[in-house]
């Protein structure tokens, strides 16, 4: 079997994990990586991951320098931001060459929501060159959109979809605990959320993808986020939170049609959260009531989704692709 | 929007339900049906379903007579048996004309298991003519195969898959209660299962599809079925079961690699079963533990799966298709 050549774009914590998981796959060959950090450029992925098998894969400052040095991969693993506009721009040199992109960019879960013109432009570019680009992940990308959509495959009728996710952030890495405002003054967090600088990214995209898949034309997507405030001291490996400070977030997003709530997503992600789980309720015929006990662990599963999408992405038609247009998600098996 | 022309092949209880659900879809046009029952041939689907809108759609004795009278549909809804060989033969006149087929035939969930040569032959025929044929349903087709496969889309590693399904047959239609041996002598049922004349169809196909999707080469698929015996009298709308008689089945099917159980499916379907549910456990990284409280109702969901697959089937490549090769299941929205 010919191995699929991949490169990693973005060497933050998720990018490094993606490289490590890709290195375990017999059907993938990692030929290099791109990062803008001068401290990483010129090193090898062996240096950065500790995987001796990756000592021949170098880090380049740009796609063009990488292509010039090691040639073109079949797929780029992109883990360098939440903005669809920025991600499209970063990937333009690849898409122009017909190279496909699997990305953890939250807005790419449904890029037509915030950037319809760009989504259309890059879709046409991809169809011309044969490239594909798609966003994937756990949330957005699975628990609150693709999994409930998959569930409706056995629905005669769907009236509304409700998903809740409770994540115990105490078990997660430091950047996530920081991102949800752990230890911050609740009012500071509220101000940051209002300014678009805090909260969970990609919520609105999950709502938009659900509505798109169900054929619902939403009049409005309404999002809110409140800090979860500590009533007693909570200590994690990374934070020591006093009563009155934030433990994390309770974020909600609803999609409305003619004043009726068709979609409601509810995310609680805070330190010391009890009973972590994901739950989906589809009201319709039949009613469906799903619980994932313990929930889907975030970071492990995010890089898994990124690697697992590769065969399905390459089997899909060229264009800006939604996960709903690709084959059923499945563990990495390249034969689908 | 141009409506997709469909016909119904097989007018048993599931076929009639499929026609009724298809008639509710604004994106489908039912142009006729085929059944071998002389009592149905010549009638209209309006007569057989009570739907006045279907009084122009007639029942023909064969595909050829239907095609000659009303032309070719885009898709045939096939609900006329569990055997892949028989279903392929029934659909040959359609596949030769490039007409696609969505079927509830259990063996078509993974036709290469029992009829690899036929699957290959009809795959080549379909690729030549542009037709697609795929099996779908709830079990097989969703709860014990596609849903667990979808779940592994966020898995870094999968070591084993376990699915259990408990169905309270008291709430189901008479033919199902009869099929699982309700009121029979348990030894009679055991003899029938041993002769291949009883038990739930498609179990081995679900195991084979799971193994295929995970890339596991199974050494053996082992199936067993035991009657569930009444300890006290159980009365349903259709049966009055005395202590010592059968209430239904407890059927198991496992898939082994080098002596290790990689896949285990466990189905309990009997009268008066408590706590009906579907549960999936994926052992791997991360472990995943899913419960569908109440389970997925059988008959409603089976015809839903059949209608819902149409847009995904038509968007797929020609050939004998597995559900894992089609887009993520979703409620009927033809835009995917």
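Please give the helix A:84-96 orientation as an angle from the longest Cα principal axis of chain A, in degrees from 0 to 90, rounded to the nearest 10. So the inclination is approximately 20 degrees. Based on every Cα atom in the range B:222-311, Rg and the maximum pairwise Cα distance Dmax equal 16.9, 48 Å. Of all alpha-carbon pairs in the protein assembly as shown, indicate the percentage at a distance above 40 angstrom. So the pairs more than 40 Å apart make up 33 percent of the total in the protein assembly as shown.
Placing a label point 7 Å from the Cα of residue A:197 along the Cα-to-Cβ direction, the distances to the matching points in the other copies come to 7.7 nm, shortest first. Projected label points at residue A:194 and residue A:92, each 7 Å from Cα along the beta carbon direction, are separated by 3.6 nanometres. Between residue B:257 and residue B:224, the contour length at 0.36 nm per residue exceeds the alpha carbon distance by 10.1 nm. Taking only the Cα atoms of the range A:31-168, the radius of gyration and Dmax are 18.0, 56 Å.
Shown for A:193, A:142, B:88: other C-beta atoms within 10 Å of each C-beta, ranked fewest to most, produce the order A:193, B:88, A:142.
With N set to the residue count of the range B:112-188, report its C-alpha Rg divided by 2.2 N^0.38 Å to two decimal places.
Details: Rg = 18.3 Å, N = 77, 2.2 N^0.38 = 11.5 Å.
In units of the 2.2 N^0.38 Å rule of thumb, it is 1.60.
Peptide A:214-220 shows a mean partner chain C-beta count of 2 within 10 Å per residue C-beta.
Taking other C-beta atoms within 10 angstrom as a stand-in for reagent exposure, A:171, B:104 fall in the order A:171, B:104, fewest first.
Count, for each residue of B:254-261, the Cβ atoms from other chains sitting within 10 Å of its Cβ, then give me the mean as a whole number.
Values: counts 0, 0, 0, 0, 0, 0, 0, 0.
Across the residues of B:254-261, the mean count of other-chain Cβ atoms within 10 Å is 0.
For the protein assembly as shown, the share of DSSP beta bridges that are antiparallel, to the nearest 5, is 60%.
Taking all C-alpha pairs of the range A:146-295, those more than 26 Å from each other amount to 31 percent. Roughly how many whole Å is it from the C-alpha centroid of the range B:28-67 to that of the range B:185-205? Centre-to-centre (Cα) distance: 34 Å. A point 7 Å from Cα along Cα→Cβ stands in for residue B:62, and the other copies hold the same point at 6.9 nm, listed in rising order. Cβ crowding within 10 Å ranks A:91, A:144, B:1 as B:1, A:91, A:144, fewest other Cβ atoms first.
Averaged over the residues of B:140-148, the number of partner chain Cβ atoms lying within 10 Å of the residue Cβ comes to 2.
Comment: the Cα-to-Cβ extended label point of residue B:223, at 7 Å, lies 4.9 nm from its counterparts in the other copies, nearest first. Under Stokes-Einstein, with the Kirkwood radius over Cα pairs standing in for Rh, what whole-number D in µm²/s applies to chain B at 37 °C and 0.692 mPa s? Diffusion coefficient, whole number: 158 µm²/s.
Rule-based calculations on the coordinates, nothing more; no lab input. Only a predicted model underlies this, so the values are computations on that prediction, with no experimental measurement involved. Counting neighbours? That spans all protein chains shown, and the Cβs are built from the backbone with ideal geometry, glycine included.
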